[in-house]
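Q: Handing you this structure, nothing more for now.
Please treat every number below as a calculation from the coordinates, not as lab data. Predicted, not measured: the structure shown is a model, and the values here were computed from it. Backbone-built Cβ (ideal geometry, glycine too); neighbour counts: all protein chains shown.
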Amino acid sequence: MTDEKRIERLSAMLKRRGIVLPAFEIYGGVSGLIDYGPVGASIRRRVIQNWIEHWTINGDIVEIDSPTITPENVLVASGHVGEFNDLMTQCENCSSAFRADQLVEGFHPNPDTLDSEEIDGILSSEKISCPNCEKSQWTLSKPMNLMFGTKIGAMKSSRQAYMRPETAQGMFMLYPSLYRHFRQKLPFGAIQTGKGYRNEISPRQGMIRLREFNMAELEYFIDPENPPLVDLSMNTEKISLIPDPNGNKHKEIKMTFQDAIDNNVIKDSTVGLFLSKTWDFLVRVGINPSKIRFRQHESNEMAHYAEDCWDCEILGEHGWIECVGIANRTCHDLLSHEKHSNSSSLRAWREFEEVKVENREILSPKTSVLGPMFRARAGLVLAALENLSQLPDNLPFKLELSDGTNVEITEEMVEKKMVHNSIAGEWFTPHVIEPAFGIDRIIWHILDHAYEETEKEGENYNLLKLKESVAPADVIVLPLFEKDGMGMAARKLNSEINQINGIKCLIDSSKSIGRRYARADEIGVPWAITVDHQSLEDNTVTIRRRDDQKQIRAEIDELLILINSNMISTLF
RNA sequence: GCGCCUGUAGUGAAGGGGUUAUCACCUGAGGUUUCCAACCUCAUGUCCCGGGUUCAAAUCCCGGCGGGCGCACCA
């Protein structure tokens with residue numbers, strides 16, 4: 001499956017053509033950081049643009065944008081600081097790495113409160129052995145924090161912060177604003193695209209594990225008791241699913257999304273909805289559908305916040321790679337942020353189908369009497385009256401106050417009343433379904449699946465069969481020759497096409513026409529327009545299709561209309 | 001972080017203690033050319049970084065950085 005030579009040739013091409021390159025290369029490069037070059041940046045932008053349009057088209061999801069620098073308390077509440085500060089130690093014999101606090105469990109009541117010196121002490125004094133090789137030689141334990149730390153502000157007043165390890169927290173921070181924006185009605189969602197940061201121990205495999213990466217995340221807030229209706233019967237494609245890895249040992253099955261929901265393979269229908277929409281997106285940007293599968297997380301690899309989680313994996317030269325994670329985070333995040341921030345605005349209101357009416361008899365205080373009578377203690381009396389669980393049979397009676405003293409309540413002080421309390425609904429913490437996309441990984445697989453090595457007249461010939469929606473340019477204009485006014489006509493046409501909104505046109509006039517076709521093919525430009533001698537006479541040009549090199553002739557005016565409406569393919 | 005392998009123009013490679021480091025493709029200029037990496041002339045551009053050994057280091061040694069693979073890690 002892994003063809004290292006093909007990876008090398010593809011990587012060399014990506015570098016040579018300015019698509020994806022190592023970052024900071026003149027200073028030796030930095031592992032886990034990459035650049036998108038002049039061609040790659042266009043591809044990246046279009047993939048992200050497609051992603052945003054894919055989710056916002058129905059109007060129930062909006063785009064937001066929040067800071068990458070995140071104060072520490074936000075990430076304490078989300079669990080990232082705790083999860084990321086574990087002490088790690090390594091066996092000097094077999095190099096296995098372990099969480100130090102887990103090794104000393106049983107030798108200390110609260111191992112996660114220990115600092116590294118204490119934990120090293122226990123490791124050696126108790127001669128704790130390596131679970132792998134049973135030797136007892138440990139390296140000094142070190143905190144492993146996978147977040148990039150930074151400070152907000154300078155000197156004494158500075159505040160600990162981290163570069164965000166995910167964009168999701170930004171959506172949770174904006175929940176109150178989103179709730180108002182959507183007129184206080186669930187379900188709704190928010191998306192955000194942007195950079196995320198994880199200080200990986202060993203970034204590997206080119207674009208697959210990066211330290212700074214492009215993420216695209218959606219948080220979809222739902223009422224767990226009234227989840228959105230899901231009907232996926234339109235999609236009849238059979239999808240590869242690997243459910244319940246703890247049960248039947250990773251058995252891959254193929255069924256439609258609707259069947260998977262109906263048969264409880266996918267337990268949460270909202271999760272199923274997003275699996276399906278994820279599949280649609282990936283196919284739309286050029287991922288080969290036969291190289292997509294969904295795998296349910298095993299319980300032990302589930303993130304600390306997730307209840308049910310499916311990975312979308314894509315097959316490429318690096319094997320099956322997790323490119324999208326779809327998790328039911330339940331109410332974990334919003335609830336935790338409410339607790340840590342003391343805010344009460346991370347909720348939603350659920351109206352009951354019928355208003356619950358509660359009739360209750362109370363002793364309504366006459367404050368004009370109670371006030372002068374009890375003075376400073378009047379407040380306590382009022383509270384005690386309100387909290388009475390059972391009304392006294394007769395008046396006067398003795399009322400116990402919260403300070404332990406008793407007062408006598410007489411008929412003049414209160415009035416027996418019936419109150420009618422109607423309860424229309426209740427506050428609850430919404431659940432959230434989160435599809436999280438690794439954009440760089442997806443771009444890698446788009447390139448991988450689009451990269452085709454062929455032969456042309458005995459020569460190696462490579463091209464990127466990118467979908468039009470993610471190609472770095474829509475068309476390229478090529479004058480057959482620079483002379484006789486063809487170059488001039490080509491430049492005029494190029495600028496005319498570039499004036500069309502959303503259309504990007506390139507122009508190339510150096511070297512032979514064959515070489516220029518080859519260059520355009522290699523960066524995946526789907527259409528090449530050639531200006532030749534005939535063009536100067538009758539205002540026609542030839543249009544060449546990248547994928548089969550077929551050419552047809554058309555009038556420039558007609559062509560401009562077709563480009564504008566994204567319909568060039570109808571010419572063929 | 002550990003182990004093994006590795007680093008030479010934009011890309012891919014050859015070579016290697018001693019004159020000016022080699023080749024192909026690519027890129028640029030000019031010429032030629034009536035549609036698929038053609039041809040001719042010319043040109044730009046390279047030994048990852050630092051230290052050591054040596055009369056002399058791109059070459060040998062050490063360290064760093066980068067890359068590949070395996071182990072571990074990947075909330």
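Q: Taking the number of other C-beta atoms within 10 Å as the exposure measure, put A:Thr56, A:Thr570 in order starting with the fewest.
A: Arranged by neighbour count, lowest to highest, A:Thr56, A:Thr570 become A:Thr570, A:Thr56.
Q: P(r) for the range A:246-398: what percent of alpha-carbon pairs falls in each 5 Å bin, starting at zero?
A: It works out to 2, 6, 11, 12, 10, 9, 8, 7, 6, 4, 5, 5, 6, 5, 4, 2, 1, 0, in whole percents.
Q: With a point put 7 Å past each Cα toward its Cβ, work out how far A:Ile253 is from A:Leu382 in nm, to one decimal.
A: Each label point lies 7 Å from its Cα, and together they span 6.3 nm.
Q: Rg and Dmax of chain A, Cα atoms, in Å?
A: Just the Cα atoms of chain A yield Rg and Dmax of 32.4, 113 Å.
Q: Determine by what factor the alpha-carbon radius of gyration of the range A:15-64 differs from 2.2 N^0.38 Å, reporting the quotient.
A: 1.57
Q: Tell me, in nm to one decimal, what length is gained between A:Gln137 and A:Leu395 on full extension, where the rule is 0.36 nm per residue of separation less the Cα-Cα distance?
A: 85.0 nm
Q: Now, a different point. What distance in nm separates the two pseudo spin-label positions at A:Trp349 and A:Glu555, each 7 Å out from Cα along the beta-carbon direction?
A: 6.2 nm
Q: Using only C-alpha atoms and all pairs of different ones, pull out the Kirkwood radius for the range A:145-230 in Å with one decimal.
A: Roughly 15.5 Å, rounded to one decimal.
Q: If you don't mind, there's one more thing I want to ask. Can you give me the P(r) profile for the range A:336-445? Cα pairs, bins 10 angstrom wide beginning at 0, each as a whole percent.
A: Result returned by the calculation: 11, 26, 18, 22, 10, 5, 5, 3, 0.
Q: A follow-up question, please. How big is the charge dipole of chain A about its Cα centre, in debye rounded to the nearest 20, if each Lys and Arg gets +1 on its Cβ and each Asp and Glu gets -1 on its Cβ?
A: Computed about the Cα centre, the dipole is about 1560 debye.
Q: With 29 Å as the limit, write out which pairs from A:Lys277/A:Lys339; A:Lys504/A:Lys550; A:Lys185/A:Lys467 have Cα-Cα distances beyond it, or answer none.
A: Where the Cα-Cα span goes over 29 Å, the pairs concerned are A:Lys277/A:Lys339; A:Lys185/A:Lys467.
Q: Extension gain A:Asn235-A:Ser341, at 0.36 nm per residue separation less the Cα-Cα distance, in nm?
A: Residue separation times 0.36 nm, minus the Cα-Cα distance, leaves 33.9 nm.
Q: Also, quick follow-up: Full extension from A:Met373 to A:Glu358: what is 0.36 nm times the residue separation minus their Cα-Cα distance, to one decimal in nm?
A: 2.2 nm
Q: How high is the relative contact order of the range A:300-391? Use alpha-carbon pairs under 8 Å, at least six apart in sequence, and give a whole percent.
A: Reported as a whole number, the value is 17 percent.
Q: Take the alpha-carbon positions of the range A:459-555, form their convex hull, and give its projected area averaged over all directions (one quarter of the hull surface) in nm².
A: Computing the convex hull of the Cα atoms and averaging its projections yields 6.1 nm².
Q: Rg/Rh for the range A:183-245: what does it come to with C-alpha atoms and Rh from Kirkwood?
A: With Rh from the inverse mean 1/r over Cα pairs, Rg/Rh is 1.11.
Q: For a footprinting-style exposure proxy, rank A:Val20, A:Val230 by other Cβ within 10 Å, fewest first.
A: A:Val230, A:Val20
Q: Apply the Karplus curve 6.51 cos²θ - 1.76 cosθ + 1.60, θ = phi - 60°, to the phi angles in the range A:210-217 and return the couplings in whole Hz, x for Gly and Pro.
A: Taking θ as phi minus 60°, the curve returns 10, 8, 10, 9, 8, 10, 9, 10 Hz for the range A:210-217.
Q: Quick one: if you stick a label point 7 Å off each Cα along the C-beta vector at A:Glu452 and A:Ser129, how many nm between them?
A: 6.0 nm
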